[in-house]
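Asker: Okay, handing you the structure first.
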Amino acid sequence: MEVNILNQQGEQTGQKAVLNDAIFCVEPNDHAIYLDVKQYLANQRQGTHKSKQRSEIAGSTRKLGRQKGGGGARPGDIKSPVRVGGGRIFGPVPRDYSFKLNKKVKQLARKSALSYKAQDGKVVVLDSLHLDAPKTKDFLTIANNLKIGDQKVLFVLPTNDKVVYLSARNVQSAKVLTVSELNTYVIMNSKVVVFLADALPALESTFNA
């Protein structure tokens, strides 16, 4: 698949970028995408939630009433889960939500996500992205030149560029990542994916690793 390479002014440079069919033209696997996104979101969870069980509540173990003759159920102590201020039944406890996912499944998920974007014509290739200083205004100008300023955009760089990152940091609809940081969740969560031309060879080497 070939796409036109654009410059920062949103104009065609006359050159075309070849999108590797093994990455951008695979048969999308929705279940692989689901598993990879599920793992990503699970890894974001701290798992530090905790509620007190019956044995952890401070209080007397004195029986609150007689065993018989009260006209109702047999009363327990004040820490009973059925009483106000008692322990919680089956409450949350600290746990690790992460789980293992095979490398090939993760690669298939990322390829499927990129293939969806390519099929929808939502992959843009930029010849370069140069900013003299960290300025949100300059970054938004480039996004508007590409006619994607009003959409959720993912910019993929070959290596870390602090100026570009700082320029996009205050733009809620934009995200800047390097090829090594690319994951299925951010791809699917973006409307348009913008690759720098130099990022495409790095992307291919990542999948071939």
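Asker: Can you pull out every residue in the stretch 1-17 that is within 17 Å of Leu114 (Cα to Cα) and in contact with a helix residue (DSSP H, G or I) (Cβ under 8 Å, 6 or more places away or on another chain)?
Answerer: Met1, Ala17
Asker: Working only within the stretch 128-151, note down all residues that are loosely packed, with under 15 Cβ neighbours inside 10 Å and touching a strand residue (DSSP E or B) at 6+ places or on another chain (Cβ under 8 Å).
Answerer: Ser128, Gln151
Asker: While we're here: Of the residues Asn4, Asn20, which is closer than 30 Å to Leu131 by Cα and surrounded by fewer than 14 Cβ atoms within 10 Å (Cβ to Cβ)?
Answerer: Numbers: Asn20 fails: surrounded by fewer than 14 Cβ atoms within 10 Å (Cβ to Cβ).
Unique residue meeting the criteria: Asn4.
Asker: Could you look through the stretch 184-196, keep only residues that are touching a strand residue (DSSP E or B) at 6+ places or on another chain (Cβ under 8 Å) and either surrounded by 17 or more Cβ atoms within 10 Å (Cβ to Cβ) or not assigned by TED's automatic domain parsing to the domain that holds Ala109 (or both), and pick out the one that is farthest from Val3 (Cα to Cα)?
Answerer: That would be Val186.
Asker: Moving on. Being out of contact with any Ser or Thr (no Cβ under 8 Å at 6 or more places or on another chain) and at pLDDT 95 or above is the filter here, so list the residues in the stretch 148-161 that pass it.
Answerer: Phe155
Asker: Within the stretch 153-209, restricting attention to residues that are more than 13 Å from the chain's Cα centre (by Cα) and of a type in the set (D, E, K, R), which residue is nearest to Leu19 (Cα to Cα)?
Answerer: Once the filter is applied, the top-ranked residue is Glu204.
Asker: Output the number of the condition that Ser55 fails; it satisfies all remaining conditions of (1) closer than 30 Å to Lys79 by Cβ; (2) at pLDDT 95 or above; (3) among the hydroxyl-bearing types (Ser, Thr, Tyr).
Answerer: Every listed condition holds for Ser55 apart from (2).
Asker: Is it true that some residue in the stretch 20-43 is under 28 Å from the mean Cα position of the chain (by Cα), of a type in the set (A, V, I, L, M, F, W, C), assigned to a loop (DSSP other than H, G, I, E, B) and closer than 19 Å to Phe195 by Cβ? Talk me through it step by step, then tell me what you get.
Answerer: From the stretch 20-43, those under 28 Å from the mean Cα position of the chain (by Cα) are 20-43; that's our starting set.
Keeping just the survivors that are of a type in the set (A, V, I, L, M, F, W, C) gives 22-26, 32-33, 35, 37, 41-42.
Narrowing further to those that are assigned to a loop (DSSP other than H, G, I, E, B): 25-26.
Next cut, closer than 19 Å to Phe195 by Cβ only: 25-26.
Within the stretch 20-43, one or more residues are under 28 Å from the mean Cα position of the chain (by Cα), of a type in the set (A, V, I, L, M, F, W, C), assigned to a loop (DSSP other than H, G, I, E, B) and closer than 19 Å to Phe195 by Cβ.
Asker: Search the stretch 53-95 for residues being of a type in the set (S, T, N, Q) and either exposed (fewer than 10 other Cβ atoms within 10 Å of the Cβ) or touching a Ser or Thr at 6+ places or on another chain (Cβ under 9 Å) (or both), and hand back the single one that is nearest to Ala42 (Cα to Cα). Please lay out each step first, then the result.
Answerer: Taking the stretch 53-95 first, the residues of a type in the set (S, T, N, Q) are 53, 55, 60-61, 67, 80.
Now narrow it down to the ones that are either exposed (fewer than 10 other Cβ atoms within 10 Å of the Cβ) or touching a Ser or Thr at 6+ places or on another chain (Cβ under 9 Å) (or both): 55, 60-61, 67.
Working: Ser55: 30, Ser60: 39, Thr61: 39, Gln67: 48 Å.
My answer is Ser55.
Asker: For the stretch 121-148, which positions are without any contact (Cβ under 8 Å) to a residue 24 or more places away in the chain and within 22 Å of the chain's Cα centre (by Cα)?
Answerer: Gly121
Asker: Quickly run through the stretch 129-142 and pick out the residues that are in contact with an Asp or Glu (Cβ under 9 Å, 6 or more places away or on another chain) and of a type in the set (A, V, I, L, M).
Answerer: Leu129, Leu131 - these are the residues of the stretch 129-142 that are in contact with an Asp or Glu (Cβ under 9 Å, 6 or more places away or on another chain) and of a type in the set (A, V, I, L, M).
The values are calculated or read from the model by the stated rules, or taken from the named source; none is laboratory data. Nothing here was measured: the structure is a model prediction, and the numbers come from that model. Note: ideal-geometry Cβ built from the backbone for every residue, glycine included; neighbour counts use all protein chains shown.
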